[in-house]
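What follows is a single structure, written as structure tokens, with notes after it.
The values are calculated or read from the model by the stated rules, or taken from the named source; none is laboratory data. A quick note: this is a predicted structure, and the numbers were derived from the prediction, not measured. Neighbour counts run over all protein chains shown; Cβ positions are idealised from the backbone, glycine included. Surface accessibility is based on the protein's heavy atoms, side chains included, excluding ligands, DNA and RNA. Shrake-Rupley method; radii C 1.70, N 1.55, O 1.52, S 1.80 Å.
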Amino acid sequence: MLSPTAAETPQLMSAPIRKPADDPLSLITRFANLFRRLWMVSTYPFVSVGKGFRVHYTCDLRRRTAAGVKIGDAVWIESDVWINIPELRPNAEPVIIFEDGCKVGRRCVISAMNRIHFEKNVIFAPSVLVMDHNHGYEDVTRPIVDQGVTEGGTIRIEEGAWIGFGVAIVCNKGELVIGKNSVIGANSVLTRSVPPYSIVSGNPGRVVKRYDFAKGKWVLGAGVLAESAKQS
């Protein structure tokens with residue numbers, strides 16, 4: 001095969017890259033998403049819903065659950081997300097709160113008995129689990145399915161945090177706080193609080209790096225782990 005001549009080369013380099021057109025059938029999904037959002041905003045008894053709310057039509061959020069959910073502006077909920085409140089207490093404060101700019105990835109599960117609060121611009125990778133309670137199992141004479149759920153605690157994920165793929169965040173008691181702009185690494189299991197500007201990894205999740213404002217850089221090592229343990 002002959003190489004292009006010098007005169008042809010500029011034309012080849014400047015030729016526009018053709019992008020394939022979207023599948024026309026994707027319009028069906030877009031319409032279904034739009035209809036689901038309009039239906040939910042119009043008929044579900046949310047505590048409140050902000051502007052720019054987007055939800056995939058496969059999201060499992062029941063009407064009775066919506067009575068305990070507060071949604072801010074520009075919140076996105078992707079496909080196959082399950083948002084659950086096992087026991088909604090009457091005349092209670094919001095149980096699940098999404099502040100402005102939260103983005104919930106595909107297949108995430110959020111289940112709250114008491115309070116799960118996501119501050120502004122918290123983002124989720126797919127397949128994240130967040131629960132402020134657990135299943136009871138202590139009575140060995142009864143099947144676990146008959147033991148209900150524990151009293152649990154509360155969870156607050158502060159502004160700008162990033163929750164990686166496959167992370168499990170579970171609070172059995174007290175308050176679990178993930179500090180501002182922290183990163184929870186993929187497949188970590190977190191059952192206790194971490195300070196702001198931290199990077200967490202592992203099972204159980206541990207702080208492996210933290211931003212040191214005095215030094216103006218990210219630091220790591222045993223000192224960071226010890227400091228994190230004192231604050232949890």
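DSSP finds beta bridges in the chain, and of those with both partners inside it, around 20 percent are antiparallel. Our estimate of slack between residue 135 and residue 38, defined as 0.36 nm per intervening residue step minus the Cα-Cα distance, is 31.5 nm. Among beta bridges from DSSP that stay inside the stretch 108-232, the antiparallel ones total about 30%. Scaled to the globular estimate 2.2 N^0.38 Å, the Cα spread of the chain, given as radius of gyration, is 1.29. Springs between Cα atoms under 10 Å define the GNM used for the chain, and in it the highest mean-square fluctuation of 164, 152, 52 occurs at 52. Shown is the FRET efficiency for residue 18 and residue 189, computed with R0 = 45 Å from the Cβ-Cβ distance and rounded to the nearest 0.05: 0.50. Over the chain, with every protein chain in place, what whole percent of the accessible area is carbon and sulfur at 1.4 Å, could you tell me? Accessible surface attributable to carbon and sulfur in the chain totals 57 percent.
With 20 Å as the limit, the listed pairs 180/209; 70/173; 103/215; 70/120 have 70/173; 103/215 beyond it between alpha carbons.
A straight chain from residue 147 to residue 172 at 0.36 nm per residue would run longer than the Cα-Cα distance by 7.5 nm.
At a probe radius of 1.4 angstrom, the accessible area of the chain per residue rounds to 59 square angstrom.
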